[in-house]
Each structure stands twice: as C-alpha cells, then as structure tokens.
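This report concerns only the one structure given below.
The values are calculated or read from the model by the stated rules, or taken from the named source; none is laboratory data. The shown structure was predicted, so the numbers you read here are calculated from the model rather than taken from an experiment. All Cβ positions, glycine included, derive from the backbone under ideal geometry; neighbour counts span all protein chains shown. Areas reflect the complete protein model, heavy atoms only, side chains present, ligands, DNA and RNA absent. Shrake-Rupley method; radii C 1.70, N 1.55, O 1.52, S 1.80 Å.
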Amino acid sequence: MQIIVASDTHGRNERLLELEKLYPEAALFLHAGDWGTDPKKYDHWITVMGNNDIRYERDMEKNRIILADGHKIFMLHGQQLPYGNREKRLADMANQNGCDIAIYGHSHKAFIEEINGVLVINPGSLSRSRDGRGISYIVLTLDKNQVDAKLVFWMNRPDQP
C-alpha cells in the first residue's frame, strides 16, 4: 500500500493535486495540517487541523488514527508538542494509542526516525522549508510486515527530468 504524506502547504495546495496525478496508485493521501485555504476542495486528502486552519474548518479533527494495511497511524499537526522532545513525545502518544506510525507537521522540517518502536515522520513543507533542504513530501509504503518512508524533494519528484 502506498500513502502520500504532505503538510504545511499554506495555500500552495495546487501541489497536492499534482501529487494526486503523480501517484494515481496511492491508496491514501494524508495532510498533517496548515492548509492556508479551505481544505474541503481537496476531498482525496485525510487531514488534521493545523494552527492556521481554524479560520477555515472549526470541525476538523486535531488528531486522528488511520488504519492502513495492518498498521495504525497517529496523525496530528504538532503545535501542541513541546520543542526539544517533540518526536519522543509523539512516539509516546502513538504508543499509548496502539499506533506504530506517527505523522506530524508544523515545523516545516522533514524527519524520519524510529523512536521506541514507532516510525515518526514529518514530510516537511510543500510551501516553505525551514531546514534548508527544500520543500518535500513523503511516500510511505506499507505491507503487513514492513514500513518504508521515503522523503522526496519537490525538485526531485518522479515527473522531473
């Protein structure tokens, strides 16, 4: 199962439509918040509310659990996590909810690491990177026994020469 993970588009949501076209075989499209526009136009995307989304969708969930091919994914935006130990805290929250994958956004900094048995990932941002590596997203590939997360930089996506 292939899952596309994005976050922090801040109005650059046309890139989400490009990802849908680029990955037609993807089973799920996940967005970890901060749309910058009304997310209702993007009905293929499962999302959580970012700190900048409240003006668009007050009913959006702040966190959610997604079942995918024998895995449980815990997703939130990340503003509610303290700096310094954000990823460990998220891994603990995922463990408490029986999840083996945790997704967050907010920092605009891409991250992939296993912490306490949880694969913690942040796709970075599709609008503005804060780690100097460029805007990015993640291709998450799951089967019942394995999880693979690949960070893809926008300039290096498969449709580029």
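Summary of values
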item: Enumerated strands (runs of 3 or more DSSP E) restricted to region 1-93, each holding at least 3 residues that are open to solvent by 10 Å² or more (accessible area, probe 1.4 Å); result: 45-47, 63-68
item: Test: residue in region 94-109 that is of a type in the set (A, V, I, L, M, F, W, C), farther than 19 Å from K144 by Cα and either at pLDDT 95 or above or over 11 Å from the mean Cα position of the chain (by Cα) (or both); result: no
item: Residue satisfying all of: in region 34-78; touching a residue at least 40 places away in the same chain (Cβ under 8 Å), in contact with a Phe, Trp or Tyr (Cβ under 8 Å, 6 or more places away or on another chain) and among the aliphatic types (A, V, I, L, M); farthest from N145 (Cα to Cα) among these; result: L76
item: Flag for G98 being closer than 25 Å to A26 by Cα, open to solvent by 10 Å² or more (accessible area, probe 1.4 Å) and not in a strand (DSSP E or B); result: yes
item: Filter result for D131 (surrounded by fewer than 21 Cβ atoms within 10 Å (Cβ to Cβ), of a type in the set (D, E), free of Cβ contacts under 8 Å to residues at least 60 places away in the same chain and out of contact with any Phe, Trp or Tyr (no Cβ under 6 Å at 6 or more places or on another chain)); result: yes
item: Members of region 109-128 found to be within 18 Å of M93 (Cβ to Cβ), in contact with a Gly (Cβ under 7 Å, 6 or more places away or on another chain) and open to solvent by 10 Å² or more (accessible area, probe 1.4 Å), listed by number; result: none
item: Matching residues in region 142-153 - criterion: being within 15 Å of the chain's Cα centre (by Cα) and not aliphatic (A, V, I, L, M); result: D148, K150, F153
